[in-house]
Amino acid sequence: MARLRVAWRTLGCRANQYDTEMMKARLAGDRTFEIVPNGGAADIYIINTCTVTARAEAKARQYIRRCARRGLVLVTGCWATVAPEEVAAISEVGLIFTNAEKLRIREVVKEALSGRRGIFTFGPALVSDAARAEAEDGLPPELDEERIVHDSAHTRAFVKVQDGCDRFCTFCRTIHARGRPRSKSPQAVLAEVKGLVERGFVEVVLTGIDLAAYGQDNTNGNGVQVSLAELLWRLSELPGLKRLRLSSINPQGITPELVEFFQKSPKGCPYFHIPLQSGDDRILRRMNRGYTADEYREKVELIRDSIPRAMIGADVLVGFPGEGEEHFLRTYHLLEELVPLRLHIFRYSRRPGTAAAHFPEQVPEREKLARARRLRELGVELGRRVREGYLGRRLEVLVEERAGDGLWRGWSENYIDVHLLPSTEKGLRPGEVVEVKIRGVKEEYLLGEVD
């Protein structure tokens, strides 16, 4: 009997991308299914959605309608979790399941194949006895149960070590989509990363919904808190692992202990993507971000004073309710001062169920567009300025893939995109770490020769 082909479309953050890889791993163990690469024709399409912005939801709708022309569509992720009825109103959707059901993807798919439609949650009979016993003891088992054995989308492996958030930013629906903060136990993380290294991954990127909260919830039940810095030190002892990196981390997570790891460990990759959102204190208070512009600046100064080669990235949200030109300019000037390597710019959109959706002084869309454009232009200029400082210097680069220009490309330890000149790239392979001398600067990347 022919195996059923299953394909994924994933929107949103690194944690969502990890969830997709985790679901693939669980389905791959069932000979009923064949996992097909992105873009491949399939019998079943699983859309893993995002709800951070209205644009993310609109893109999910496009994926759903496009995939429904070719096969059965299942929808999960954060949008499906916070607004399942809204997703169910799309006629092309077969079955909807929430983030909580991702671990049991095999049962979900089989239920869909049996004809089940609409919004689906598991009854007690579909939950394992062990999982039910742990839940009754008050221990959430799901994070330690989550594991990937491969990362089909990257040369680096992204490993989710934390989920959930309770910061209650007034613009964000994450608490509704991901629940309270919880951490994967250090033992489970070490076992997962060890398995990935044994399969050839030399760089691991730790990710989560709120990495700054790692270890604060005691999910392993023994009363011992292990900080993110301590977890990194333990991982650095694994033989064969060459690089450790963090994905986005809130400013509250930038501690002296964390910075010390990246200062002292040869495996630590010193790039810190720290969401800013606004450089104006009034707007930050309205957002409920929990820090001031000066406190954010102090975190960046701590990093740069300790690690001169470190790079900074930032997220910025423009057009938040009440943001006038003077508030926007404080954000603009703070970014000019801090010179991040890269900026991720988002336009505020009202999210149902959030406090900010009801705030007065909503900013016109045309003003959001104009401010986003100004920050994108600033980001290009600041990134170019950073890259120009590396002309003639050496960087270690993890070879990843062929770029659109035909050259091998990869990331430096401090997350600069480097393309390798053809005269020096012979014999390279993905996953190899090479030393490169920088010979040229392009708008979005560097050109280098392999030493």
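Quick notes on this structure:
- Helices (runs of 4 or more DSSP H) lying entirely in the stretch 142-213 (those with 2 or more residues that are surrounded by 22 or more Cβ atoms within 10 Å (Cβ to Cβ) and hydrophobic (A, V, I, L, M, F, W, C)): 186-198
- Check on Ile274, hydrophobic (A, V, I, L, M, F, W, C), in contact with a helix residue (DSSP H, G or I) (Cβ under 6 Å, 6 or more places away or on another chain) and touching a residue at least 40 places away in the same chain (Cβ under 8 Å): yes
- As for the stretch 244-252, it holds no residue that is basic (Lys, Arg), in contact (Cβ under 8 Å) with a residue 24 or more places away in the chain and in a loop (DSSP other than H, G, I, E, B).
- Counted as qualifying within the stretch 277-341 are the helices (runs of 4 or more DSSP H) with 1 or more residues that are touching a Ser or Thr at 6+ places or on another chain (Cβ under 8 Å), more than 22 Å from Glu381 (Cβ to Cβ) and basic (Lys, Arg), namely 281-287.
Condition check ((1) in contact (Cβ under 8 Å) with a residue 40 or more places away in the chain; (2) more than 24 Å from Gly40 (Cβ to Cβ); (3) of a type outside the set (Lys, Arg)) across all residues:
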residue: Ala68; (1), (2), (3): no, no, yes
residue: Val73; (1), (2), (3): no, no, yes
residue: Val82; (1), (2), (3): yes, yes, yes
residue: Ala89; (1), (2), (3): no, yes, yes
residue: Leu95; (1), (2), (3): no, no, yes
residue: Glu111; (1), (2), (3): no, no, yes
residue: Gly115; (1), (2), (3): no, yes, yes
residue: Gly118; (1), (2), (3): no, yes, yes
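- If you go through the stretch 43-82 and keep only what is over 19 Å from Ala112 (Cβ atoms) and not charged (D, E, K, R), you end up with Cys50, Thr51, Val52, Thr53, Ala54, Ala56, Ala58, Gln62, Cys78, Val82.
- The sole residue among Val441, Val399, Val450, Val418 that is more than 29 Å from Asp151 (Cα to Cα) and either at pLDDT 95 or above or of a type outside the set (D, E, K, R) (or both) is Val441.
- Ala41 fulfils the conditions (1) among the small types (Gly, Ala, Ser); (2) in contact with a Cys (Cβ under 8 Å, 6 or more places away or on another chain); (3) within 17 Å of Leu4 (Cβ to Cβ) except for a single criterion, (2).
- Test: residue in the stretch 349-368 that is of a type in the set (A, V, I, L, M), over 19 Å from Arg173 (Cβ atoms), not in a loop (DSSP other than H, G, I, E, B) and not assigned by TED's automatic domain parsing to the domain that holds Cys78: no
- Pick from the stretch 412-438, criterion in contact (Cβ under 8 Å) with a residue 40 or more places away in the chain and not in a loop (DSSP other than H, G, I, E, B), ranking: surrounded by the most Cβ atoms within 10 Å (Cβ to Cβ): Val436
- Residue among Leu369, Leu382, Leu335, Leu395 that alone is hydrophobic (A, V, I, L, M, F, W, C) and without any contact (Cβ under 8 Å) to a residue 40 or more places away in the chain: Leu369
- Among (1) on the phi < 0 side of the Ramachandran plot; (2) in a loop (DSSP other than H, G, I, E, B); (3) touching a residue at least 60 places away in the same chain (Cβ under 8 Å) - the single one Val6 does not satisfy: (2)
- In the set (1) in contact with a Cys (Cβ under 7 Å, 6 or more places away or on another chain); (2) surrounded by fewer than 19 Cβ atoms within 10 Å (Cβ to Cβ), the condition left unmet by Gly406 is number (1).
The values are calculated or read from the model by the stated rules, or taken from the named source; none is laboratory data. Fair warning: this is a prediction, and the values are worked out from it, not measured in the lab. Cβ sites come from the backbone with ideal geometry, for glycine too, and all protein chains shown count toward neighbours.
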